[in-house]
Every structure is written in C-alpha cells, then in structure tokens.
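Scroll down for the structure; my scribbles are underneath it.
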Amino acid sequence: MKKMVLSIFLLTQIAFAQDGKKIQTYYYGYNGMELIAKSSKNVVIISTFNSKPTIREEIAQKVYSLFTENKLQDNTKYTINGNQANVTGKCIIKKRNNLIAIEFHYEKVEWYSGLIEVYKKYIG
C-alpha cells in the first residue's frame, strides 16, 4: 500500500512539473562599440546596449551581417539567433555623411538553457 501511494505521489509530481523556463530581470548590461567595419564608401560602427558580455560580440557580428544583406531598418525590433541564446532588441540606425552608426539595444535574452532574461531600466 505504501509503495502504491508513493508511486501515485511521484507520478503526480512529474505530471505537474514546470517546463524549466525561468524569467529574470536584469538592470545592468554592457554598453559599447563592438565592431568597426570600413569599406571604400563608408564606415559602419556597431554598438550594443544592455548586452550580456558572453554573447555581445557574436550578436554584433550577426547585426552587421543583416546590415550588409540590407535586412535592417531603423527603429525596428529584431530577434537575433545566436549559438547560446536568442536576443530580441531594437535596432537604431544613424547616418551622417559616410559614417553609419548602428545601435542594438537588448530587450530580452532567451538562453537555450531555459533562462529568459528581460532588461529593465533601473530606477532608484
């Protein structure tokens, strides 16, 4: 009888277990220039804001790839798929003469481990 009750208890725990996704907010991230690319016509600077240090360079490279493929638009939200996480953020493009500055502001990082980090501006 004890084994049967224990088995039923264990099976109900497994059936109602969470899927492992955990959502956290973060208030501080890395801000800075990640990539400077020069061509015969212009100079492109990729900067990231509120980024996570472990993936910032990879995401900056992917943002630049999207720019070279003419797939980026100003003031638009994008999801960039990386090796460790998917990053959702807003892209701002500023042009002056032959200088193009692309800012990518992280809003959400969905790690493949199941952790979801959402950036929230610190007020205090």
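The values are calculated or read from the model by the stated rules, or taken from the named source; none is laboratory data. Computed from a predicted structure; not experimentally measured. As a convention, Cβ positions derive from the backbone with ideal geometry for all residues, glycine included, and neighbour counts pool all protein chains shown. The accessibility values were calculated without ligands, DNA or RNA, using every heavy atom of the protein model including side chains. Shrake-Rupley method; radii C 1.70, N 1.55, O 1.52, S 1.80 Å.
General remarks:
- Options N75, N86, N50: the member that is open to solvent by 80 Å² or more (accessible area, probe 1.4 Å) and modelled with pLDDT of 95 or more: N75
- Which numbered condition G20 fails, given (1) open to solvent by 70 Å² or more (accessible area, probe 1.4 Å); (2) at pLDDT below 95; (3) under 19 Å from K108 (Cβ atoms): (1)
- Subset of the range 23-44 (residues that are more than 15 Å from the chain's Cα centre (by Cα) and open to solvent by 100 Å² or more (accessible area, probe 1.4 Å)): M33, K38, S40, K41
- Filtered by the rule that a residue be on the phi > 0 side of the Ramachandran plot and more than 16 Å from the chain's Cα centre (by Cα), the range 82-124 gives N97, G124.
- Checked against the criterion of being at pLDDT below 95 and in a helix (DSSP H, G or I), the candidates K3, K41 yield just one match: K3.
- The range 96-111: number of residues that are surrounded by fewer than 12 Cβ atoms within 10 Å (Cβ to Cβ) and free of Cβ contacts under 8 Å to residues at least 24 places away in the same chain: 2
- Residues that are closer than 25 Å to Y119 by Cα and part of a strand (DSSP E or B), drawn from the range 25-38: T25, Y26, Y30, N31, G32, M33, E34, L35
- Check on I46, in contact with a helix residue (DSSP H, G or I) (Cβ under 7 Å, 6 or more places away or on another chain), under 18 Å from G82 (Cβ atoms) and not basic (K, R): yes
- Complete set of residues in the range 53-72 that are assigned to a loop (DSSP other than H, G, I, E, B), open to solvent by 50 Å² or more (accessible area, probe 1.4 Å) and within 22 Å of N98 (Cβ to Cβ): E69, N70, K71
- Subset of the range 33-44 (residues that are of a type outside the set (K, R) and either farther than 19 Å from G89 by Cα or touching a residue at least 24 places away in the same chain (Cβ under 8 Å) (or both)): E34, L35, I36, A37, S39, S40, N42, V43, V44
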